[in-house]
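Undergrad: Sharing a structure below in structure tokens format, with a few things to ask.
The values are calculated or read from the model by the stated rules, or taken from the named source; none is laboratory data. All values derive from a computational prediction rather than experimental measurement. Quick reminder, even Gly has a Cβ in these numbers, built from the backbone with ideal geometry, and neighbours come from all protein chains shown. The accessibility values were calculated without ligands, DNA or RNA, using every heavy atom of the protein model including side chains. Shrake-Rupley method; radii C 1.70, N 1.55, O 1.52, S 1.80 Å.
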Number of protein chains: 2
Amino acid sequence: MTTRWLDDRELQVWVRMVAVLELLPAQLDSHLRRVADLTYFDYYVLAMLSEAPDRSLRMSELAVRTNSTLPRLSHVARRLEIRGLVHRTTASDDRRVTMARLTDAGWDTVVATAPEHVEQVRALVFDALTPEQVEQLRGITEALLDVLDPDGLMSTPYQRPALDDL
Amino acid sequence: MTTRWLDDRELQVWVRMVAVLELLPAQLDSHLRRVADLTYFDYYVLAMLSEAPDRSLRMSELAVRTNSTLPRLSHVARRLEIRGLVHRTTASDDRRVTMARLTDAGWDTVVATAPEHVEQVRALVFDALTPEQVEQLRGITEALLDVLDPDGLMSTPYQRPALDDL
DNA sequence: GAGCATTACTTGATATAACAACTAATCTTC
DNA sequence: GAAGATTAGTTGTTATATCAAGTAATGCTC
């Protein structure tokens, strides 16, 4: 099979894309560790719970929403539970199911951290882009996700965090 | 300080961006592990060396080009050296400096893996985008890197891999 | 309704990542 | 040219990620 190499333009774009993929999560992660002792992944686990009804989700649903595997989530949930940010209980109707619920302390952590995190996202991404580029990025990410996540698992019903009313 | 929350459009874009940041590296990593038993990071270390003069770079320069820390690179280099893909030597002019050089086996690995990796990149990214979107992505990644990497360390003099002549 | 398959996790072992501490060589300054 | 500072890497420790295996509850089939 003859390889379809990237042309100069594509290569240039890809080199930059690799840099963004490396730097952006690293900087967000570093910021969250510093201000809240949470990994980027930890934060999204808490954030997803904070947006869910009753601040709780079953583990498998939470795994899908954080694009994680169940084993990974299970380990993380254990640590967050030890820190008192999350509480797990067995569902009464199906005792195989574990419900993860954000504790009050977990909620407080999200409330305390979210503004700084959003500010960071704004500083690193949206402030750097023109409104046209934001719109372009919408189309690009949509196209990429059609391939990366054809079943749309990551873009599950998402609602704006209820943090506004603070 | 009142938080400047993300508006609906920004939030929608960001949710997708988070998904892309999570899924794209994960899928590239998974592919490389499968076909070459290399992490995404391992592969880029080898790739950077393959493009360097004499297939070698000093560790600190390699760390910059892979956006890595020296400790991280040092561990990875040790593993790659054990596998016979890289060889490290002390520079004669400055004996603090370690030069990492791609071995013949390392070169062969890159040569064998690069086409599949490029194919993967094409399948996951470029085939999913229109030419206009690729052009837009060029501008967007450029703008983001101005913030993420203001000194342009990641976009160090890059030249097309010499793999074409195979 | 007993046996097997499936689902929903958890646990344990191994690999990789991140941070701090350390070593050795070179440079600087007096 | 000796003492301290800086540079370039390495090593060790602890945390996190990944994969395989295990467990327990439920569903399915005959």
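Undergrad: Of the numbered conditions (1) more than 30 Å from B:Ala63 (Cβ to Cβ); (2) away from DNA strand C (no atom under 13 Å from the Cβ); (3) more than 11 Å from every other protein chain (Cβ to nearest Cβ), A:Leu80 satisfies every one except a single condition; which is it?
TA: Answer for A:Leu80: the failing condition is (2).
Undergrad: Might you check whether a residue that is of a type in the set (Lys, Arg) and touching a helix residue (DSSP H, G or I) at 6+ places or on another chain (Cβ under 9 Å) occurs anywhere in the stretch B:89-100?
TA: Taking every residue of the stretch B:89-100 in turn, none turns out to be of a type in the set (Lys, Arg) and touching a helix residue (DSSP H, G or I) at 6+ places or on another chain (Cβ under 9 Å).
Undergrad: Another one. Checking the conditions here, which among A:Asp54, A:Asp29 is farther than 20 Å from B:Leu24 by Cβ and not basic (Lys, Arg)?
TA: So the residue among A:Asp54, A:Asp29 that is farther than 20 Å from B:Leu24 by Cβ and not basic (Lys, Arg) is A:Asp54.
Undergrad: Another question about this same structure. If you take just the helices (runs of 4 or more DSSP H) that sit entirely in the stretch A:29-103, which of them hold at least 2 residues that are open to solvent by 70 Å² or more (accessible area, probe 1.4 Å), under 25 Å from A:Asp151 (Cα atoms) and modelled with pLDDT of 95 or more?
TA: A:70-82
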